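Enquirer: Take this structure, written in C-alpha cells, and hold onto it; I'll ask about it next.
The values are calculated or read from the model by the stated rules, or taken from the named source; none is laboratory data. What you are looking at is a predicted structure, and each value in this text was computed from that prediction instead of being measured. Cβ: placed from backbone, ideal geometry, glycine included. Neighbour counts: every protein chain shown.
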Amino acid sequence: MNYTSTRDTSIKVTSSQAIAKGISAEGGLFVPESLPAVTLDEIAALANADYISRAKNILGRFLTDFTAEELDSCVRGAYETGFSSEKVAPVETIAEGTHILELFKGPTCAFKDMALQILPRLLTVAAGKAAKGTEIVILVATSGDTGKAALEGFKDVPGTKILVFYPSDGVSPMQKLQMCTQEGNNVAVSAIKGNFDDAQSGVKRIFTDKAIAEKLAANGMAFSSANSINWGRLAPQIVYYFSAYCDLVADGKIACGDKINVCVPTGNFGNILAAYYAKMMGLPIEKLICASNSNSVLTEFLTTGTYNRNRQFYATISPSMDILISSNLERLLYLIAGSDKVKEWMSQLATEGKYTVDDETLAKIKASFAAGCCDDDTTKATINKVFTEKNYLCDTHTSVAVTVYEEYKKSTGDCTPTVIASTASPFKFSAAVLEAVEGKKSDLNEFDMVTKLAEVTGNECPAPLANLKDKKVRFEGCCEKSGMDDVVFNMLGI
Ligand SMILES: *Cc1c(COP(=O)(O)O)cnc(C)c1O
C-alpha cells in the first residue's frame, strides 16, 4: 500500500517513508491511497484473538513494507508488558448499551500511550529503511499529556533522542512532575518562559530552520515528529476500535454485524478520525459522535459546515481538548471532498482563520457524524452522576463524552449500542474529579488530593501516578524563548 498527500495526490511514498517524514513537504498530511477492507468473517475470527494479534492483523494491512517479524516486534514491544490491563484497551459496560473503552491503561495513564508506545518502534524500523544510519531527534512542544507519553515511548529506544519543551506555567503540578522525573538515557525536558503557543512556535521554527538541519545532518542526526499528524500515531488508534467491537462480540453484548455508535472526546480530531477509518474499512459503525468542551469549534463545524478559529479560547478542566485548530480534520476533508478542496480550505484557514465547506460535503459529513459540547459545570455534574448512579469514576475528558452522548441519545432517540472512548485516568485530573465527587473545591495539595480521591471513591490510584512522589527530579531547567536552540544543541552535544 502506498501513501499520498492530502494536498498533492501526485505524491507517492511507502508507509516507512510516511512515518519517517511525519509531514509531507508541501504541508499536507500523509494518507493511504485506498483503505483496506475487513470482512465480517475476519472480524468474527479476531473476536477470539488477543490485542496483540488484532493489532498485527489491522496494522499489517497498512504497513505493507514492514516484514512480519518487524511488525511482531513493534507490536509486542508496545503492548505486551507496558499496560496494566491484559486486554490493553478493556471495555467496561456501565449501562445496557453503554460501553466505556478504557484507553488509559498505559504507563502515563492517558490515551496517548496507545499510539506513543508503538510509534518510536515503528519510527526506528521506518528510519532504518528510509534513512539508514541517521539518529532520530524528536522535539515535542506539549501542553501536558503528549510530552510525558512521548518521553515514556522513546525512553532508551536505540537510535533516538527526545527533548520536550513545556510552558512553565501551562501544565498541572502532576503533569510537570511526570515530565521532570522522567528516566532514560536519551531524554531531556525543559520548561520555557511563555505559554503553549510560544513552546509550539519555537519548536516549529527549530524544525524548519535550514542551518540547524545542516548542523544536525553534519552530526548524523535528523529531526522527526511524534505529534498526532504522523501516520504512525493514527494507524495504531484504528486497532482499538476493532478490538472494542471484537470484545463486545466475544462477550455476547452484540452479534457480529450489529451496528454500534462511537462517541469520542475530541481535540485534534485524531482519535475520532481513527474510528472513521475503521468504519470505512468495514467495521459496523453507524454514527461517530464528536464531543467537545467549551472550545466548541468542531461542534459548530460538524453542524453548520463553517470552521472558524477566530473565537475566544477557554482554559477548561479537560485541557487536552483545549484546541482551536484540529489538524487531523484535514484527513477527513480529503476523504470526503478530495485534495483540491482541501488545499483551498486550508489556505483560507491560514489567511482568514476560517472556511465553509459546500453543502454536498456537509451532507456527507453529517451522514456519519453527530456533534455536541458541554461546559465545565456540566462536566463535573456528569462525573458526580455517573459515579453516584453507576459507581463508575471517569475523568473530565471522558465525562464530556458521556454528557454529549446522553444528550445525543435523548434528542435523537437513537439507542444503538455505543462505545464511549475514555481517554485518561481520573487520577490524572484529581483536583477537578475530587471537586465533582465531593461537590466542593479541595484545598489539599495535588498528592493529598490523589489519596483523598482514592479514599472517597474506593478506586485505586494507578501505580505510575502514585509512585511519582518518590521519584527524583532530573530536569529543572527553564529557558527563554530565544534560548531554545542552545537547549537543543546542549542536549545533543553538538
Ligand atoms: C489528546 C487527548 C484528547 C484529544 O484527542 P484527539 O485525538 O486530539 O482528538 C482527549 N483526551 C485526552 C485525555 C487526551 O490526552
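Enquirer: List every residue pair whose Cβ atoms sit under 7 Å apart, with the two residues 6 or more apart in sequence or on different chains, where the first one lies in region 392-407 and is under 20 Å from L434 (Cβ atoms) and the second, anywhere, is part of a helix (DSSP H, G or I) and basic (K, R).
Expert: Once the first residue is under 20 Å from L434 (Cβ atoms) and sits in region 392-407, its partners that are part of a helix (DSSP H, G or I) and basic (K, R) give D395/K428.
Enquirer: A follow-up question, please. Within region 149-166, work out how many residues are free of Cβ contacts under 8 Å to residues at least 40 places away in the same chain and either more than 30 Å from S482 (Cβ to Cβ) or more than 16 Å from the ligand (Cβ to nearest atom) (or both).
Expert: Result for region 149-166: 5.
Enquirer: Filter region 419-451 down to the residues that are acidic (D, E) and modelled with pLDDT of 95 or more, then identify the one that is farthest from K176 (Cα to Cα).
Expert: By that ranking, first place goes to E438.
Enquirer: Something else now. Looking at region 164-244, what helices (runs of 4 or more DSSP H) fall wholly within it and have at least 2 residues that are hydroxyl-bearing (S, T, Y)? So that I can check it myself, show each step before the final result.
Expert: Numbers: elements: 173-180, 196-208, 210-218.
Because the criterion is at least 2 residues that are hydroxyl-bearing (S, T, Y), the helices (runs of 4 or more DSSP H) in region 164-244 that meet it are 196-208.
Enquirer: Looking only at region 14-28, how many residues end up being surrounded by 19 or more Cβ atoms within 10 Å (Cβ to Cβ), more than 22 Å from I336 (Cβ to Cβ) and among the hydrophobic types (A, V, I, L, M, F, W, C)?
Expert: Residues that pass the stated criteria total 2.
Enquirer: Here's another thing I want to ask about it. Consider region 232-259. How many of its residues are touching a strand residue (DSSP E or B) at 6+ places or on another chain (Cβ under 6 Å) and surrounded by fewer than 24 Cβ atoms within 10 Å (Cβ to Cβ)?
Expert: Of region 232-259, the ones touching a strand residue (DSSP E or B) at 6+ places or on another chain (Cβ under 6 Å) are 244, 247, 259.
Next, from what is left, pick out any that are surrounded by fewer than 24 Cβ atoms within 10 Å (Cβ to Cβ): 247, 259.
Number satisfying all stated conditions: 2.
Enquirer: Check region 399-412 and report whether any residue there is in a helix (DSSP H, G or I), within 16 Å of the ligand (Cβ to nearest atom), closer than 18 Å to L453 by Cβ and not hydrophobic (A, V, I, L, M, F, W, C).
Expert: yes
Enquirer: Within region 1-119, which helices (runs of 4 or more DSSP H) (wholly inside it) include 1 or more residues that are among the polar types (S, T, N, Q)?
Expert: Result: 15-21, 51-62, 68-79.
Enquirer: Considering region 84-105 alone, what residues qualify as being within 15 Å of the ligand (Cβ to nearest atom) and either within 20 Å of A49 (Cβ to Cβ) or among the basic types (K, R) (or both)? Reasoning before the result, please.
Expert: Applying the first criterion (within 15 Å of the ligand (Cβ to nearest atom)) to region 84-105 yields 89, 100-105.
Scanning region 84-105 gives A89, L101, E102, L103, K105.
Enquirer: Moving to a separate point now. In region 120-148, which residues are within 14 Å of the ligand (Cβ to nearest atom), over 12 Å from the mean Cα position of the chain (by Cα) and under 28 Å from I52 (Cβ atoms)?
Expert: V140, K148
Enquirer: Every residue in region 300-328 that is within 13 Å of the ligand (Cβ to nearest atom) and over 22 Å from I229 (Cβ atoms), please.
Expert: T316, I317
Enquirer: Looking only at residues in region 29-56 that are in contact (Cβ under 8 Å) with a residue 12 or more places away in the chain and among the polar types (S, T, N, Q), which one is farthest from I336 (Cα to Cα)?
Expert: N48
Enquirer: Give just the number: which of (1) surrounded by fewer than 16 Cβ atoms within 10 Å (Cβ to Cβ); (2) over 23 Å from T9 (Cβ atoms) does S320 not satisfy?
Expert: (1)
Enquirer: Can I ask one more? Would you call E360 assigned to a helix (DSSP H, G or I) and surrounded by fewer than 14 Cβ atoms within 10 Å (Cβ to Cβ)?
Expert: For E360, the condition - assigned to a helix (DSSP H, G or I) and surrounded by fewer than 14 Cβ atoms within 10 Å (Cβ to Cβ) - is met.
Enquirer: Moving to a separate point now. So, in region 148-194, exactly how many residues are among the small types (G, A, S), surrounded by fewer than 24 Cβ atoms within 10 Å (Cβ to Cβ) and under 23 Å from F429 (Cβ atoms)?
Expert: Number of matching residues: 4.
Enquirer: While we're looking at this one, here's another question. Just for helices (runs of 4 or more DSSP H) wholly inside region 415-494: which have at least 1 residues that are closer than 27 Å to A244 by Cα and either in contact with a Leu (Cβ under 9 Å, 6 or more places away or on another chain) or not hydrophobic (A, V, I, L, M, F, W, C) (or both)? I'd like the intermediate steps shown before the answer.
Expert: On the way: elements: 430-438, 446-457, 463-466, 484-492.
Filter on region 415-494 gives 430-438, 446-457, 463-466.
Enquirer: If you don't mind, another one. S339 fails exactly one of the following numbered conditions: (1) more than 15 Å from the chain's Cα centre (by Cα); (2) within 14 Å of the ligand (Cβ to nearest atom). What is the number of that condition?
Expert: (2)
Enquirer: A further question on this structure: Return the only residue of S15, S53 being under 21 Å from the mean Cα position of the chain (by Cα) and over 30 Å from G413 (Cα atoms).
Expert: S15
Enquirer: Hey, can you tell me all the residues within region 247-266 that are over 14 Å from I285 (Cβ atoms) and within 16 Å of the ligand (Cβ to nearest atom)?
Expert: Of everything in region 247-266, those that are over 14 Å from I285 (Cβ atoms) and within 16 Å of the ligand (Cβ to nearest atom) turn out to be P265, T266.
Enquirer: Can you tell me how many residues in region 366-385 are under 21 Å from M321 (Cα atoms) and in a helix (DSSP H, G or I)?
Expert: Residues that pass the stated criteria total 9.
Enquirer: Condition first: among the β-branched types (V, I, T), touching a residue at least 24 places away in the same chain (Cβ under 8 Å) and in a helix (DSSP H, G or I). Now tell me which residues in region 310-352 satisfy that. Step through it out loud before you land on a result.
Expert: Keep residues of region 310-352 that are among the β-branched types (V, I, T), which gives 316-317, 323, 325, 336, 342, 351.
This time we only want the ones that are touching a residue at least 24 places away in the same chain (Cβ under 8 Å), so: 316-317, 323, 325, 336, 342.
Listed by number, the residues that qualify are I336, V342.
Enquirer: Here are some residues: T98, T108, T142, T160. Which one is over 17 Å from N227 (Cβ atoms) and not basic (K, R)?
Expert: Selected residue: T98, the only one of T98, T108, T142, T160 that is over 17 Å from N227 (Cβ atoms) and not basic (K, R).
Enquirer: Let me ask something else about it. Report yes if I254 is over 27 Å from R331 (Cα atoms), hydrophobic (A, V, I, L, M, F, W, C) and in contact with an Asp or Glu (Cβ under 8 Å, 6 or more places away or on another chain), otherwise no.
Expert: No; evaluated as a whole, the condition is false for this residue.
Enquirer: Please go through region 269-299 and pick out each residue that is of a type in the set (V, I, T) and within 11 Å of the ligand (Cβ to nearest atom).
Expert: Within region 269-299, just I272 meets the criteria.
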